[in-house]
Amino acid sequence: MKATTLQAIVQARRQEQAVALVTRLEDHHQQIYFADNLQGSHKLEQAIDEALRSDRSKVVEIEGQKQFIQVFNQPLRLLIVGAVHIAQALIPIAQNCAYEVILIDPRRAFATEERFPNVELKNEWPDKALKSLGINSRTAVVTLTHDPKLDEPALIEALNSKAFYVGALGSRRTHQARCQRLLEADISTEILQRIHAPIGLDIGAVSPDEIAVSIVAQMTAVLRNKVVS
């Protein structure tokens with residue numbers, strides 16, 4: 001790898017850009033592709049997009065030439081708003097799926113190290129915390145408090161970001177009322193479609209553990225660009 005190529009990859013990582021290094025195996029010619037610039041109009045770009053989405057480097061053969069696609073993605077992050085029972089079940093599952101998890105809740109009596117060991121806690125108002133943390137295209141945001149004054153400022157911040165997944169706990173009726181309030185806060189109907197609510201895949205989940213499984217499953221489906229009923 002040339003020094004200039006390495007520097008470009010390092011710079012992209014610093015700027016939180018997903019990139020792929022493509023090496024033509026026949027002559028070792030290398031080229032960097034930025035995820036944000038992929039058009040998907042060529043088979044190679046389609047293969048790069050698939051590799052980035054799956055987090056897997058791989059060899060592909062296109063038009064008789066073998067190419068090695070090496071993926072350089074940002075780490076996955078899950079920002080959870082609400083130190084509730086579902087969060088206790090969700091955190092370890094997400095961590096096992098390679099997410100860096102940060103729990104946000106200004107209610108210090110709920111967000112304690114005793115209830116939530118081995119996870120970073122932010123005892124701040126959710127919208128302020130999300131702004132300070134920064135949300136990129138490898139970030140999922142989940143709101144679980146059922147409290148509009150906590151969940152909805154967080155949702156506004158998440159919806160105006162590059163978060164690949166935004167989910168909110170609550171029944172269909174609760175979500176309808178939530179959407180009406182967000183419309184009044186100048187969030188468009190189109191942007192509201194980004195919210196996954198009721199949160200999680202419809203697997204008949206009842207317990208906090210089951211709901212946590214359904215949330216991570218839905219996050220995975222969105223991350224990998226899979227259509228799941």
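When we screen E26, E45, E120 for residues that are under 28 Å from E210 (Cβ atoms) and touching a residue at least 12 places away in the same chain (Cβ under 8 Å), the only hit is E120. For the structure I just gave you, tell me whether Q95 is more than 19 Å from the chain's Cα centre (by Cα) and either surrounded by fewer than 16 Cβ atoms within 10 Å (Cβ to Cβ) or of a type in the set (D, E) (or both). No, not satisfied.
Summed over segment 64-105, the residues that are free of Cβ contacts under 8 Å to residues at least 40 places away in the same chain and aliphatic (A, V, I, L, M) give a count of 6.
Of the helices (runs of 4 or more DSSP H) that lie entirely inside segment 108-198, those containing 3 or more residues that are open to solvent by less than 20 Å² (accessible area, probe 1.4 Å) span 126-133, 148-159. Within segment 37-90, restricting attention to residues that are β-branched (V, I, T) and in a helix (DSSP H, G or I), the residue that is nearest to R13 (Cα to Cα) is I48. Is it true that T4 is surrounded by 14 or more Cβ atoms within 10 Å (Cβ to Cβ), farther than 20 Å from F164 by Cβ and among the hydroxyl-bearing types (S, T, Y)? Criteria not met by T4.
The number of residues in segment 7-36 that are open to solvent by 60 Å² or more (accessible area, probe 1.4 Å), assigned to a helix (DSSP H, G or I) and within 17 Å of S57 (Cβ to Cβ) comes to 1.
The values are calculated or read from the model by the stated rules, or taken from the named source; none is laboratory data. What you are looking at is a predicted structure, and each value in this text was computed from that prediction instead of being measured. Counting neighbours? That spans all protein chains shown, and the Cβs are built from the backbone with ideal geometry, glycine included. We work out accessible area using only protein heavy atoms, side chains counted, and drop any ligands, DNA or RNA first. Shrake-Rupley method; radii C 1.70, N 1.55, O 1.52, S 1.80 Å.
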